[in-house]
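See structure below.
Quick note: the coordinates plus some simple rules give every number you see, no bench work behind them. In this text the structure is predicted, and so the values were computed from the model without any measurement. Counting neighbours? That spans all protein chains shown, and the Cβs are built from the backbone with ideal geometry, glycine included.
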Amino acid sequence: MRLALVLLLASGTWMAVDHVGPPPTWTVAPYLRHVRADGVTVCFESATPRVSRVRYGPGPDRRHAVTSAAACFHAVDLEGLEPGRVHSYVVEWQDADGWHATAPAPFVTAPVEDVPFTFAVVGDTQDQPTVWRDVAARVQEARPAFVVHVGDLVGNGFEAEAWNRELFGPARELFASAPLLVVPGNHEEDAPAWYRYGAFARGAHTWQRRYGSLELFGVDSNRPCGTGSVQAAWLREALQRSTARWRIVLHHHPVWSSDSDDYGDAQAGVEASGDPRVQDLKAIYEEADVDLVLSGHVHGYERTWPLRGDRVDRERGVTYIVTGGAGGYLDAFGAAPPWFSATVRAVHHHLLVFVEGDRLTVRAHDREGRLIDELVLTPRERSGALAGARANG
Ligand SMILES: [Fe+2]
Ligand SMILES: [Fe+2]
């Protein structure tokens with residue numbers, strides 16, 4: 001079918017656009033990343049270079065357009081959007097038959113006010129695309145505002161085809177509307193594709209993102225994050241400066257885990273708390289009264305009790321969650337629970353986080369969507385001069 005449409009370009013000129021034939025075989029279909037209050041980034045990739053264009057705007061009114069020069073991979077920044085509002089976009093591309101377009105996809109920008117929202121968390125989507133497809137379908141049913149990924153996106157980040165096969169392809173519809181925020185795992189680390197598809201420009205390994213009353217902080221735990229490291233210093237200062245009511249830190253390797261063999265031998269009774277690379281961060285989390293620390297790497301689900309000073313502290317403890325179960329082959333946990341572990345499940349799963357005023361609720365659902373854990377947090381007393389500012393954030 002040949003359908004002629006008319007669109008208004010950013011230049012203000014009108015031109016006919018022909019939608020001819022099926023869409024191209026994407027190397028990576030359009031997905032969103034870097035959601036912010038006034039923008040988002042649309043990424044897509046085809047096997048051959050194409051001039052492309054993204055049309056976008058509030059609601060169904062896609063009055064704006066950004067043209068991207070001929071290339072295989074495109075990362076198109078949409079700017080000047082309204083905070084906390086549903087927008088939509090289409091990707092257009094040119095070939096010998098004329099211009100073509102994807103179906104419209106909606107997304108929501110970050111709010112600047114304290115309004116309720118829900119986001120999803122997944123980790124370790126690597127190696128088993130059929131599992132990840134099921135998990136991604138469950139995530140999509142919840143229509144999260146965005147998706148946080150705690151690393152190990154694919155089994156081998158240096159294998160070009162793995163990114164579509166293991167990550168983007170099975171979650172194509174989800175990632176068309178739910179922007180990704182990611183930290184790298186050890187399976188992609190410094191692969192060129194990580195820098196192309198992932199979050200950062202070369203040289204930037206940390207990020208923070210404000211979303212309403214929440215602020216997220218991402219750290220690359222493949223790189224040094226011990227006391228005295230650049231990342232630890234950045235994180236400490238960023239947390240101190242934050243005025244958000246809720247603050248969550250993400251890095252791939254877990255501070256606490258009762259995995260059977262990654263850190264000691266839990267099944268043989270040899271207790272080890274977690275990954276040595278991130279142990280120094282505990283002091284920063286406790287000093288800043290961080291609400292939640294999310295990690296992956298261990299393929300399963302584990303939530304700690306609230307912890308402070310290597311003890312359970314129900315008043316001022318920090319809760320740690322390992323959520324590395326969105327696709328990879330599952331790990332085993334020691335049969336006896338160590339003191340720090342509140343609950344553990346060796347199942348594929350995802351998290352939904354409901355941010356609603358003075359209540360933050362985390363729910364973990366398995367591959368079939370069944371609820372396997374729930375955690376409700378309320379704001380704790382913050383120490384120091386920023387306490388008042390955070391309460392208003
Ligand atoms: Fe890992
Ligand atoms: Fe992993």
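Of the trypsin sites (Lys or Arg not before Pro) found in the range 263-359, those in coil by DSSP whose Cβ has at most 15 other Cβ atoms within 10 Å are R314, R316. Restricting the range 26-87 to trypsin sites (Lys or Arg not before Pro) that sit in a DSSP loop and have at most 16 other Cβ atoms within 10 Å of their own Cβ leaves R63, R85. With each label modelled as a point 7 angstrom along the Cα→C-beta vector, the R359-V270 pair spans 4.5 nm. I need the calculated FRET efficiency for the pair R196 and R223, taking r as the beta carbon distance and R₀ as 22 Å, to the nearest 0.05. That pair, R196 with R223, gives E of 0.70. Can you give me the angle between helix 230-241 and the longest principal axis of the chain, using Cα atoms only, in degrees from 0 to 90, rounded to the nearest 10? Approximately 90 degrees, to the nearest ten.
Annotation: extensible slack from Q240 through V112 equals 44.1 nm (criterion: 0.36 nm per residue apart, minus Cα-Cα distance). When a/c is below 1.5 the answer is rounded, else prolate if a/b is larger than b/c, else oblate, so apply that to the range 261-388 with a ≥ b ≥ c taken from the square roots of the Cα gyration tensor eigenvalues. Note, shape of the range 261-388 comes out oblate. Per residue, the average separation of C-alpha pairs within less than 8 Å and at least 6 apart gives the range 138-258 a relative contact order of 25 percent.
Quote to one decimal, in nm, the extra length available between E287 and R308 on full extension: 0.36 nm per residue of separation minus the C-alpha distance between them. Roughly 6.6 nm would be gained on extension. Helix-only arithmetic for the chain: the sum of -39500 (n - 2.57) across DSSP H runs with n ≥ 4, divided by the residue total, places the mean residue ellipticity at 222 nm at -3500 deg cm²/dmol.
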